[in-house]
């Protein structure tokens with residue numbers, strides 16, 4: 001989607017291979033029904049299976065569709081297995097009974113959503129199932145294993161076992177002592193509350209695996225690929241493998257480094273075992289961000305955000321960002337409010353002040369250079385955001401751009417930095433693909449606001465030059481100061497820098 005102020009998305013196109021493609025029916029094919037439709041496939045005492053389909057037509061006359069198949073069971077111990085029956089049918093075997101349901105056409109944006117409620121449940125997605133899945137198992141000691149599709153798993157309360165498959169994805173352990181394994185794809189594992197054991201496991205050397213212990217005394221084991229381990233709160237054990245970046249976090253932690261290329265961010269009180277000289281940065285973990293940010297929402301969301309904030313507090317770059325958010329709070333600027341994003345695939349920043357409050361969303365989208373909305377004009381900063389908001393999605397990992405919840409929040413806080421200082425870069429740029437052709441979505445060319453490249457840390461050609469440090473000895477630039485970009489955190493992590501905003505656009509110079 002295009003990005004407009006006051007709503008600035010991280011990028012819905014971060015979703016892994018989920019972008020729907022145009023489908024133009026042949027002259028003899030029936031015209032699809034436009035709008036939303038719900039089809040109940042099975043409705044029994046303990047099993048509800050329904051399929052929701054939305055169809056729309058773009059300005060070029062092409063039809064698009066998206067669908068989600070919901071599988072919901074009751075408050076008992078359920079056993080669910082999803083397999084690929086044939087090229088057009090998937091099969092759900094629930095407590096020994098078979099429930100076939102249609103496999104979507106390859107042009108569909110499709111997801112399987114499984115919710116098992118309470119009980120000690122088992123959910124297994126067969127290795128031949130490539131559809132994206134979202135699994136929420138609720139209370140109980142649950143077992144989950146996913147397949148070849150992108151997966152989101154939330155174990156809820158209980159001592160859970162979660163094993164992601166070749167499709168990778170994101171898994172949240174929730175409350176309890178959980179055992180989690182990343183599978184062979186790129187993945188994010190977050191233990192949540194409890195004493196958790198997380199394994200990166202085997203996979204390709206180029207994959208990215210992020211292991212977050214969060215609260216409790218956790219054990220994190222790196223594996224194949226590029227690993228980022230973050231202990232969070234508690235007394236944690238972090239064990240590296242090949243290329244690993246360690247964030248000890250709060251508590252009394254033990255780090256085992258196996259490579260001189262490892263990066264270690266730890267406290268002086270932590271125990272560090274390593275072979276040869278590693279790159280060690282000692283730091284104090286501070287409780288920053290509690291003044292500059294206000295979290296609103298359900299307890300589960302608040303816990304998830306606090307875990308992400310703890311990850312940032314264990315990072316020199318993240319800690320500096322949170323310190324700056326605290327420093328911004330004054331008689332004019334209130335704390336930034338964090339709420340849960342209703343968009344499953346994106347996070348958003350909203351610039352708010354008295355001027356923006358009087359505008360409609362459409363009016364705001366037309367004023368992409370107004371100083372009253374925080375844009376630099378003739379090297380002079382614009383108005384500041386006085387009550388900004390962020391909608392954060394903590395249950396998404398954008399695999400194509402390797403955007404974790406921690407990186408997503410860093411990105412939105414970069415917008416908040418520019419909003420609080422009135423230093424947005426005005427204007428936008430048309431997006432072009434790797435082959436040089438214009439990128440289109442639903443028959444329309446795509447433009448990316450310059451503020452997105454600014455938040456990433458990419459230079460903006462013909463942008464407004466600005467001297468952020470008010471130092472006459474330094475040249476004005478279109479770049480944010482280095483701690484206040486997404487790429488500053490990526491560079492610290494040792495993961496690839498982000499050289500584009502859209503996953504399918506041509507790379508920019510980094």
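The values are calculated or read from the model by the stated rules, or taken from the named source; none is laboratory data. Fair warning: this is a prediction, and the values are worked out from it, not measured in the lab. Because the Cβ atoms are built from the backbone with ideal geometry, glycine has one as well, and the counts that use them run over all protein chains shown.
The residue of region 478-506 that is surrounded by the most Cβ atoms within 10 Å (Cβ to Cβ), among those that are part of a loop (DSSP other than H, G, I, E, B) and without any contact (Cβ under 8 Å) to a residue 60 or more places away in the chain, is 479. If you check 156, 140, 149 for being surrounded by 20 or more Cβ atoms within 10 Å (Cβ to Cβ), over 26 Å from residue 239 (Cβ atoms) and at pLDDT below 95, only one passes: 149.
Selection of region 200-216 for residues being assigned to a loop (DSSP other than H, G, I, E, B), in contact (Cβ under 8 Å) with a residue 24 or more places away in the chain and in contact with a strand residue (DSSP E or B) (Cβ under 8 Å, 6 or more places away or on another chain) yields 200, 207, 213, 214. Here residue 171 meets each of (1) assigned to a loop (DSSP other than H, G, I, E, B); (2) at pLDDT 95 or above; (3) surrounded by 20 or more Cβ atoms within 10 Å (Cβ to Cβ); (4) in contact with a strand residue (DSSP E or B) (Cβ under 9 Å, 6 or more places away or on another chain) with one exception, condition (1).
The residue list 382, 436 contains one member that is modelled with pLDDT of 95 or more, out of contact with any strand residue (DSSP E or B) (no Cβ under 9 Å at 6 or more places or on another chain), outside any helix (DSSP H, G or I) and more than 30 Å from residue 187 (Cα to Cα), which is 436. In region 465-477, the count of residues that are touching a helix residue (DSSP H, G or I) at 6+ places or on another chain (Cβ under 6 Å), without any contact (Cβ under 8 Å) to a residue 60 or more places away in the chain and outside any loop (DSSP other than H, G, I, E, B) is zero.
Taking the criterion of being touching a strand residue (DSSP E or B) at 6+ places or on another chain (Cβ under 7 Å), free of Cβ contacts under 8 Å to residues at least 60 places away in the same chain and surrounded by fewer than 24 Cβ atoms within 10 Å (Cβ to Cβ), the residues of region 226-239 that qualify are 237, 239.
Exactly one residue out of 346, 388, 358, 304 is on the phi < 0 side of the Ramachandran plot and surrounded by fewer than 20 Cβ atoms within 10 Å (Cβ to Cβ), and it is 358. What are the residues in region 240-255 that are surrounded by fewer than 21 Cβ atoms within 10 Å (Cβ to Cβ) and part of a strand (DSSP E or B), if any? Passing the criteria: 243, 254. Among the residues of region 86-109, are any within 30 Å of residue 445 (Cβ to Cβ), surrounded by 16 or more Cβ atoms within 10 Å (Cβ to Cβ) and either touching a residue at least 60 places away in the same chain (Cβ under 8 Å) or in contact with a helix residue (DSSP H, G or I) (Cβ under 9 Å, 6 or more places away or on another chain) (or both)? Within region 86-109 (the criterion being within 30 Å of residue 445 (Cβ to Cβ), surrounded by 16 or more Cβ atoms within 10 Å (Cβ to Cβ) and either touching a residue at least 60 places away in the same chain (Cβ under 8 Å) or in contact with a helix residue (DSSP H, G or I) (Cβ under 9 Å, 6 or more places away or on another chain) (or both)), the answer is yes, since at least one residue qualifies.
If you scan region 70-89, which residues turn out to be assigned to a strand (DSSP E or B), modelled with pLDDT under 95 and in contact with a strand residue (DSSP E or B) (Cβ under 7 Å, 6 or more places away or on another chain)?
Just the residues of region 70-89 that are assigned to a strand (DSSP E or B), to begin with: 70-73, 79-86, 89.
Next cut, modelled with pLDDT under 95 only: 84-86, 89.
Correct list: 84, 85, 89.
Across region 139-154, the qualifying residues are those that are without any contact (Cβ under 8 Å) to a residue 24 or more places away in the chain and part of a loop (DSSP other than H, G, I, E, B), and the one among them that is nearest to residue 92 (Cα to Cα) is 148. For residue 192, the stated conditions hold: it is at pLDDT 95 or above, in contact with a helix residue (DSSP H, G or I) (Cβ under 8 Å, 6 or more places away or on another chain) and surrounded by 24 or more Cβ atoms within 10 Å (Cβ to Cβ).
In summary, helices (runs of 4 or more DSSP H) completely within region 281-368 and bearing 3 or more residues that are touching a strand residue (DSSP E or B) at 6+ places or on another chain (Cβ under 8 Å) and modelled with pLDDT of 95 or more occur at 299-313, 316-328.
Look at residue 118 and say whether it is part of a loop (DSSP other than H, G, I, E, B) and more than 27 Å from residue 185 (Cα to Cα).
On the way: part of a loop (DSSP other than H, G, I, E, B): yes; more than 27 Å from residue 185 (Cα to Cα): yes.
Against the criterion (part of a loop (DSSP other than H, G, I, E, B) and more than 27 Å from residue 185 (Cα to Cα)), residue 118 qualifies.
Residues that are over 27 Å from residue 243 (Cα atoms), modelled with pLDDT of 95 or more, buried (at least 19 other Cβ atoms within 10 Å of the Cβ) and out of contact with any strand residue (DSSP E or B) (no Cβ under 9 Å at 6 or more places or on another chain): does region 116-130 have at least one? There is no residue in region 116-130 that is over 27 Å from residue 243 (Cα atoms), modelled with pLDDT of 95 or more, buried (at least 19 other Cβ atoms within 10 Å of the Cβ) and out of contact with any strand residue (DSSP E or B) (no Cβ under 9 Å at 6 or more places or on another chain). If the condition is being modelled with pLDDT of 95 or more, part of a loop (DSSP other than H, G, I, E, B) and either buried (at least 24 other Cβ atoms within 10 Å of the Cβ) or at positive phi (or both), then region 174-184 contributes 174, 176, 178, 182. Surrounded by fewer than 15 Cβ atoms within 10 Å (Cβ to Cβ) and at pLDDT 95 or above, is that true of residue 459? Yes: the conditions hold for residue 459.
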